[in-house]
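Chemist: Structure incoming, see below.
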Amino acid sequence: MNNVHFLDLGATYHELKSEIDAAVARVLESGWYLLGAELEAFEAEYAAYTGAHYCIGVGNGLEALHLTLRAMDIGPGDEVLVPSNTYIATWLAVSQTGATPVPVEPDEYTYNIDPQRLEEAITPRTRAILPVHLYGQPANMAPILACAKMHGLKVLADGAQAHGARYHGAAIGGLGDATAWSFYPGKNLGAFGDAGAVTTDDQVLAERIRILRNYGSRVKYVNEVQGYNSRLDEMQAAVLRVKLRHMDTWNARRVHVAATYKAALAECALLLPVVPPEITPVWHLYVVRHPQRETLQRDLQTRGIQTLIHYPIPPHRQTAYADLGWPAGSFPVAESMADSVLSLPIGPHLSAAQQGQVIEAIVELCKT
């Protein structure tokens, strides 16, 4: 029996080795490593891929969120509605502007923020809604956008796990005021280090983010505002350009893995992912729920199968946010998910044999 890793990052390089090596060599030979031709080309290509007019490459996904909120003039005294069930970066971006993250519970089946709960969380201080396209499945954006329009709020989506996903058949990069992206190595579109971007149809917002990412400067040594150093470098941009050309093929492999899991695990004592008809997910993660999650995870590990938990502690229960005063039980849906979710191995290089090993073990361990 061979071990099954959660995700094989090395395989992504080996499949594209000749193309990636050529791209890296091209950058090295150019002698230009920041804010150059590779970044400009990637920004144009990724904007087109995601259905947006503009793309701004930045240092990572957290900074994509933070700089966009700053460019929206969100700061101290403001509130931003965020999912109670998400990675902490979503909240950190809000906090780093001086604003306050206000948690909204998710839909129990899609794991994404529940649009029906937004109204009750809005106050006179609310300035924006920050939905997350969690696990590769877009949030239900139509009612979110409608709510934002009614209350005069900005909408910044976190697309860090949803590269290539579609909502009502359309790419998601231009939905709302902006979408922030992470290209962390494990993402569907992953760099070989930290990297991120923002896509938007708003030219003014795009220009403000461009200035903020580069020390507050459009012209070298001329600083218009107090900015940051957050630039997607030429090497990562070149690698991402290569991977972007293979994105749809790799996402299709993920879709096949997810479909195989759905068919094979239908009779198991697991809660499987639910996909609404208007959603085309890209399966960054395949997340199931089980009441004895720790036991299941341990038993799978003894069989050489690596699984992960996304995420074991909701942001409101992290020590980092103890000052907000949310006691245990404040957001029971998120807390229930944190206690029961388990992410199964998935990726464009998971073989049929490896997935078969995972399925065989789960069927044995989770008989109804």
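Chemist: Can I get the semi-axes of region 248-368's equivalent ellipsoid? Compute them from the C-alpha gyration tensor as square roots of 5 times the eigenvalues, in angstrom, largest first.
Modeler: 27, 18, 14
Chemist: Once neighbouring chains are kept in place and the probe is 1.4 Å, which whole percent of the accessible area of the chain is contributed by carbon and sulfur?
Modeler: 54 percent
Chemist: No partner Cβ under 4.7 angstrom, meaning no disulfide-compatible partner by this rule: which Cys of the chain qualify?
Modeler: Cys with no partner Cβ under 4.7 Å: Cys55, Cys147.
Chemist: Taking region 31-101 as the region of interest, what is the percent of Cα-Cα pairs per 5 angstrom bin, listed from the shortest bin to the one with the maximum distance?
Modeler: Whole-percent P(r) values from 0 Å outward: 4, 15, 19, 18, 16, 15, 9, 3, 1, 0.
Chemist: Nothing charged except the Cβ atoms of Lys and Arg (+1) and of Asp and Glu (-1): what's the magnitude of the dipole of region 94-214 about its Cα centre? Round to the nearest 20 debye.
Modeler: Computed about the Cα centre, the dipole is about 380 debye.
Chemist: Hey, can you rank 171-177, 199-205 by average C-beta count inside 10 Å, highest first?
Modeler: Result, highest mean Cβ count within 10 Å first: 171-177, 199-205.
Chemist: To the nearest Å, what is the center-to-center distance of region 50-95 and region 284-353, using C-alpha atoms only?
Modeler: Cα centres, region 50-95 to region 284-353: 24 Å.
Chemist: With every protein chain left in place and a probe of 1.4 Å, what is the accessible surface of Met150, to the nearest 10 Å²?
Modeler: About 140 Å², ignoring ligands and nucleic acids.
Chemist: With a 1.4 Å probe and every protein chain left in place, work out the accessible area per residue of the chain in Å², rounded to a whole number.
Modeler: Counting only protein heavy atoms, the per-residue value for the chain is 43 Å².
Chemist: Only Cα pairs under 8 Å and at least 6 apart count here; give the relative contact order of region 196-275 as a rounded whole percent.
Modeler: Computed value for region 196-275: 16 percent relative contact order.
Chemist: How do the peptides 26-34, 162-170 rank, highest first, by the average count of neighbouring beta carbon atoms within 10 Å per residue? Working shown, then result.
Modeler: On the way: 26-34: 12.9, 162-170: 19.2.
Listed from highest to lowest mean packing, they are 162-170, 26-34.
Chemist: Follow-up question, since we're still on this one. Kirkwood Rh, Cα Rg: Rg to Rh for region 16-157?
Modeler: Details: Rg = 18.0 Å, Rh = 16.9 Å.
Ratio value, two decimals: 1.07.
Chemist: With point charges of +1 on the Cβ of Lys and Arg and -1 on the Cβ of Asp and Glu, referenced to the Cα centre of the chain, which listed residue (Ile88, Val358, Ala37) lies farthest in the positive direction of the dipole?
Modeler: Looking along the dipole axis, the top candidate is Ala37.
Chemist: Find the Cα radius of gyration of the chain, compare it with 2.2 N^0.38 Å by division, and give the number to two decimals.
Modeler: The reported ratio for this selection is 0.99.
Chemist: Something else: With viscosity set to 1.567 mPa s and temperature to 4 °C, compute the Stokes-Einstein D of region 85-139, Rh being the Kirkwood radius across alpha carbon pairs; µm²/s, no decimals.
Modeler: 108 µm²/s
Chemist: Looking at the chain, what % of its DSSP beta bridges pair antiparallel, to the nearest 5? Can you show the working numbers first?
Modeler: Values: 23 of 38 bridges.
Bridges in the chain are about 60 percent antiparallel.
Chemist: Only bridges with both residues in region 1-157 count here: give the DSSP antiparallel percent, nearest 5.
Modeler: 10 percent
Chemist: For the chain, with a Gaussian network of springs between Cα atoms less than 10 Å apart, report the residue from Tyr109, Tyr221, Tyr54 with the top mean-square fluctuation.
Modeler: Tyr221
Chemist: So, with +1 on the Cβ of K and R and -1 on the Cβ of D and E, and no other charges, what is the size of the charge dipole of region 24-148 about its Cα centre, to the nearest 20 debye?
Modeler: 180 debye
Chemist: Step through the table entries Lys187/Lys220; Lys154/Lys220; Lys187/Lys243; Lys17/Lys243, compare each Cα-Cα distance with 22 Å, and write down the pairs that go over it.
Modeler: On the way: Lys187/Lys220 33 Å; Lys154/Lys220 31 Å; Lys187/Lys243 11 Å; Lys17/Lys243 11 Å.
Beyond 22 Å between Cα atoms: Lys187/Lys220; Lys154/Lys220.
Chemist: May I ask you to list the aspartates and glutamates whose Cα is less than 19 Å away from that of Lys262, ignoring any residue fewer than eight positions away on the same chain?
Modeler: Leaving aside aspartates and glutamates fewer than 8 places away in the same chain, those within reach of Lys262 are Glu108, Glu278, Glu360, Glu364.
Chemist: As a test of the definition: which semi-axes, in Å, follow for region 232-298 when you take the square root of five times each eigenvalue of its alpha carbon gyration tensor? Largest first, please. Present the calculation step by step, with values, prior to reporting the outcome.
Modeler: On the way: eigenvalues 196, 51, 22 Å².
Computed over region 232-298, the values are 31, 16, 10 Å.
Chemist: Given the options Gln236, Gly61, Leu118, identify the residue whose Cα lies farthest towards the positive end of the charge dipole of the chain (+1 on Cβ of Lys, Arg; -1 on Cβ of Asp, Glu).
Modeler: Ranked along the dipole, the leading option is Gln236.
The values are calculated or read from the model by the stated rules, or taken from the named source; none is laboratory data. These numbers were taken from a predicted model, which means no experiment stands behind them. For neighbour counting, all protein chains shown are included, and Cβ atoms are generated from backbone atoms with ideal geometry for every residue, glycine included. The protein model used for the area step is the full one, side chains on, heavy atoms only, and it has no ligands, DNA or RNA in it. Shrake-Rupley method; radii C 1.70, N 1.55, O 1.52, S 1.80 Å.
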